[in-house]
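These notes concern the structure reproduced below.
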Amino acid sequence: VQLQASGGGLVQAGGSLRLSCVASGRGFTINHMGWFRQAPGPEREFVAAIRWSGGATYYADSVKGRFTISRDSAKNTMYLQIYSLKPEDTAVYYCAGGPNYRGSYILTSDYAYWGQGTQVTVSS
């Protein structure tokens, strides 16, 4: 499975962005997909996740109300709509896919497939 993330860029504080992640490959199974972000440093932070079947969504507390995750099953594409961007949202945003539910959606170990990341920079 290949995941291709796009949509990042340089935005002023208060602005909006929509990130996209397209999944491709043969015969793959996706149970859930998610977005993580990584500011300079070793840790990759959970942002949001969506169950592919049914569309249930999950968010980190820090982004609730400003971020909306969605998917288009027909296009094998996941989105992250970000509103009211803040400088602290600056990070590389990674999309990820999990073929099986492993007990949660918030750990990097819950995902087997990763995209290459897209940079989001928010200026104050």
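The values are calculated or read from the model by the stated rules, or taken from the named source; none is laboratory data. Given the structure is predicted, the values throughout are model-derived calculations rather than measurements. Cβ: placed from backbone, ideal geometry, glycine included. Neighbour counts: every protein chain shown. Protein only, heavy atoms only, side chains kept; ligands, DNA and RNA dropped before computing areas. Shrake-Rupley method; radii C 1.70, N 1.55, O 1.52, S 1.80 Å.
Quick one: which of Ile82, Ile69 is over 16 Å from His32 (Cβ atoms), open to solvent by less than 30 Å² (accessible area, probe 1.4 Å) and out of contact with any helix residue (DSSP H, G or I) (no Cβ under 6 Å at 6 or more places or on another chain)?
Ile82
Kindly list, by first and then second residue, each pair from a residue in segment 97-124 that is more than 23 Å from Gly55 (Cβ to Cβ) to a residue that is of a type in the set (A, V, I, L, M) and open to solvent by 90 Å² or more (accessible area, probe 1.4 Å), limited to pairs with Cβ atoms under 9 Å and residues at least 6 apart or on different chains.
Between residues of segment 97-124 that are more than 23 Å from Gly55 (Cβ to Cβ) and residues that are of a type in the set (A, V, I, L, M) and open to solvent by 90 Å² or more (accessible area, probe 1.4 Å), the close pairs are Gln119/Leu10; Val120/Leu10; Thr121/Leu10; Val122/Leu10; Ser123/Leu10.
Just for segment 85-96: of the residues that are in a helix (DSSP H, G or I) and open to solvent by 10 Å² or more (accessible area, probe 1.4 Å), which one is farthest from Val47 (Cα to Cα)?
Pro87
Cβ-Cβ distance below 6 Å, separation of 6 or more or different chains: which pairs start in segment 69-84 with a residue that is small (Gly, Ala, Ser) and end on one that is in a strand (DSSP E or B)?
Partner pairs satisfying both residue conditions: Ser70/Tyr79.
Go through (1) open to solvent by 20 Å² or more (accessible area, probe 1.4 Å); (2) under 19 Å from Gly9 (Cβ atoms) and name the single condition Thr108 misses.
In the conditions (1) open to solvent by 20 Å² or more (accessible area, probe 1.4 Å); (2) under 19 Å from Gly9 (Cβ atoms), Thr108 misses (2) alone.
Given the conditions (1) touching a strand residue (DSSP E or B) at 6+ places or on another chain (Cβ under 7 Å); (2) among the polar types (S, T, N, Q); (3) under 15 Å from Gln2 (Cβ atoms), report the number of the one that Thr29 does not fulfil.
(1)
Starting from residues that are part of a loop (DSSP other than H, G, I, E, B) and of a type in the set (A, V, I, L, M, F, W, C), keep the ones in segment 60-78 and report whichever is farthest from Thr29 (Cα to Cα).
Result: Val63.
One line per residue, one yes/no per condition, for (1) under 16 Å from Ser73 (Cβ atoms); (2) modelled with pLDDT of 95 or more; (3) among the small types (Gly, Ala, Ser); (4) part of a loop (DSSP other than H, G, I, E, B):
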{"position": "Gln4", "(1), (2), (3), (4)": "no, yes, no, no"}
{"position": "Leu10", "(1), (2), (3), (4)": "no, yes, no, no"}
{"position": "Arg26", "(1), (2), (3), (4)": "no, no, no, yes"}
{"position": "Met33", "(1), (2), (3), (4)": "yes, yes, no, no"}
{"position": "Glu43", "(1), (2), (3), (4)": "no, no, no, yes"}
{"position": "Ala48", "(1), (2), (3), (4)": "no, yes, yes, no"}
{"position": "Gly55", "(1), (2), (3), (4)": "yes, no, yes, yes"}
{"position": "Tyr58", "(1), (2), (3), (4)": "no, yes, no, no"}
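Among the residues of segment 1-40, how many are without any contact (Cβ under 8 Å) to a residue 40 or more places away in the chain and either open to solvent by less than 50 Å² (accessible area, probe 1.4 Å) or touching a Cys at 6+ places or on another chain (Cβ under 6 Å) (or both)?
1
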